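Visitor: Quick one: the structure is below, and I'll ask about it shortly.
Every number here is computed from the coordinates shown, using simple stated rules; none is lab data. Just so we're clear, the structure is a prediction, and the values are computed from it rather than from any experiment. For neighbour counting, all protein chains shown are included, and Cβ atoms are generated from backbone atoms with ideal geometry for every residue, glycine included.
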């Protein structure tokens, strides 16, 4: 029988009722009204309901999808044809944490839920199913892809149920593509003569020199040295650069000792103080956009799409739509290259420090899902070779062709993709279902000998514009990835990437983590935007505030979750 976790419900409901009291009067429904389902059948999960047409499943995602086309894109139509499923989707607007908290409080949940670390709130109130039996009985493609890695998608050492199909960590990935680091427009590095850009000092110099020579664009609008997206949860993109530039891998808010698995709230590392001091310096000399901490995401992206922003410290997925707009406008020299910038040369950029396969973030099926079997079969089709190829490549003959046994994107189609930008994505559906599927990573081949993804050496080269090719040639590399330290330069991470550990909502680590986040999101902007003479005092006060709020207790509690994960994964 399919099960939804019921432990700790009473304690959690008390908090939920308090939350509801605070939210009273906030109108509007949530995605996921499931009155059409029959709960008895839902809980048994024995059979899909008989139907003559497609079943509509409601779906909520914490991540936005501005190109979503209600499955009326080419890929979506094929998915419905193959699976008999249509998604009625809702994407988070504003704070996704609050949205998931409301779901947990009301029990009003959609059929499918893509929640991140907030999934624990839904698990605690029994709002999502244990998928173990569904996978075993109805998901051969998911089982095949995960193989012995399936232990890594179990929830915890104490509760080894499977509550989510992992969608954020690729299986057996060998990355060809750099999508992080520090970004600079191609025209900026060309003007500087393609110098080595290895430290924040190098990065600062090329921006400063370019702005001194070209303070405005061709229309007289002011060029911007560096802008940040700190809107709501995007603040993590600002704060993550603290560990990125000081030799630590992405473990979310924690630095993990790779031998003892003890953790430290990463901002408490002395070297990170010096990184944020540098951002303070960038603000002081006028190279940091003064609107960085007040602008909304759409304003940030509009600035990038204008071509006026010389530098970014942002993952490619966050500014990708803006870069597509630049390409569509023919402003290829105002698109970006990726550089492995660190505080000083004593540190290595860790973008390619492998975490191995992680369970963590993924897609869950709610305990009120009207048809759990249809839902798991839909997710299983996405895990099939056909589903993987469809999502990554689109429709044969329209989005790609096969020549001499090889999938390729002809030049005229590639040009169409670039010139139409987001409009092409919305029409084709390529990549729009990524957050619903467990997937093979870059560098993995299918049964025909072709790569599952387009992020391989040959196909990446075909996507480069002339200014990008010129920059790569100047640095003597084939791809941006070649500038970065290689995977084999780093030790094994036995705990994977610990940011995706789903914490019980009533755990010490979760409760104190929220307190630390609130303190940090107040103090970091304050420190960066302050007069340099006040920086140290603000930082000292920040550290003292963390201590007073219980940061050491939080570190101890989170460290136990990390150690338990290592034990679960190792089978001890």
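Visitor: Can you tell me how the chain classifies by the Cα gyration tensor, rounded, prolate or oblate, using a/c under 1.5 as the rounded cut?
Guide: Verdict is oblate for the chain.
Visitor: Calculate, for residue 522 and residue 281, the FRET efficiency according to 1/(1 + (r/R0)^6) with r their C-beta to C-beta distance and R0 25 Å; round to the nearest 0.05.
Guide: The calculated FRET efficiency here is 0.75.
Visitor: Taking N as the number of residues in region 205-251, what value does Rg over Cα atoms divided by 2.2 N^0.38 Å take?
Guide: Taking N as the residue count of region 205-251, the ratio is 1.58.
Visitor: Next question, about the same structure. Going by average Cβ density within 10 Å per residue, which order do the peptides 156-167, 293-304 take, highest to lowest?
Guide: With the highest mean Cβ count within 10 Å placed first, the list reads 156-167, 293-304.
Visitor: Two-decimal Rg/Rh of region 321-384 from alpha-carbon positions, Kirkwood Rh?
Guide: Expressed as Rg/Rh, it is 1.22.
Visitor: Another question, then. Go ahead and collect, in residue order, the members of region 372-395 whose backbone nitrogen is under 14 Å from a label point 7 Å along the Cα-Cβ direction of residue 462.
Guide: Under 14 Å, as judged by backbone N against the label point of residue 462, lie 393-395 of region 372-395.
Visitor: Take the Cβ-Cβ distance between residue 398 and residue 214 as r, set R0 to 35 Å, and report the resulting FRET efficiency rounded to the nearest 0.05.
Guide: Rounded to the nearest 0.05, the efficiency is 0.25.
Visitor: Which value in nm describes the separation of the simple spin-label points at residue 506 and residue 412, placed 7 Å from the Cα toward the beta carbon?
Guide: 6.4
Visitor: I need the Kirkwood Rh of region 506-569: take the reciprocal of the average 1/r across all distinct C-alpha pairs and report it in angstrom.
Guide: Evaluated on region 506-569, it is 13.1 Å.
Visitor: Sticking with this structure for a sec: Would you calculate a helix-derived [θ] at 222 nm for the chain, using -39,500 (n - 2.57) for each DSSP H run of n ≥ 4 and dividing by the full residue count, to the nearest 500?
Guide: -12500 deg cm²/dmol
Visitor: Please report the relative contact order for region 502-572, taking Cα pairs under 8 Å with a sequence separation of at least 6, and give it as a percent rounded to a whole number.
Guide: Relative contact order for region 502-572 comes out at 38 percent.
Visitor: Is the C-alpha gyration tensor of region 250-403 telling us rounded, prolate or oblate? Criteria: a/c under 1.5 is rounded; beyond that, a/b larger than b/c is prolate, otherwise oblate.
Guide: oblate
Visitor: What is the calculated FRET efficiency for residue 447 to residue 298, with r their C-beta to C-beta distance and R₀ = 41 Å, to the nearest 0.05?
Guide: Given R0 = 41 Å and the Cβ-Cβ separation, E is 0.45.
Visitor: Between residue 386 and residue 345, how many nm apart are label points set 7 Å from Cα along the C-beta direction?
Guide: According to this spin-label approximation, the distance is 5.6 nm.
Visitor: Do you know the relative contact order of the chain, to the nearest whole percent, from alpha carbon pairs under 8 angstrom that are 6+ apart?
Guide: 24
Visitor: Could you calculate the contour length gain from residue 70 to residue 172, that is, 0.36 nm times the residue separation minus the distance between their Cα atoms, to one decimal place in nm?
Guide: Extending this stretch completely gives an extra 33.6 nm.
Visitor: If only Cα atoms are counted, what is the Rg of region 339-456, and what is its Dmax, in Å?
Guide: 18.0, 56
Visitor: Would region 50-161 count as rounded, prolate or oblate if I go by the C-alpha gyration tensor, calling it rounded below 1.5 in a/c and otherwise prolate when a/b exceeds b/c, oblate otherwise?
Guide: Oblate shape, in that a/c is at least 1.5 and b/c is the bigger or equal ratio.
Visitor: Using alpha-carbon pairs under 8 Å, 6+ residues apart, how would you state the relative contact order of region 218-273 in percent?
Guide: Relative contact order for region 218-273 comes out at 21 percent.
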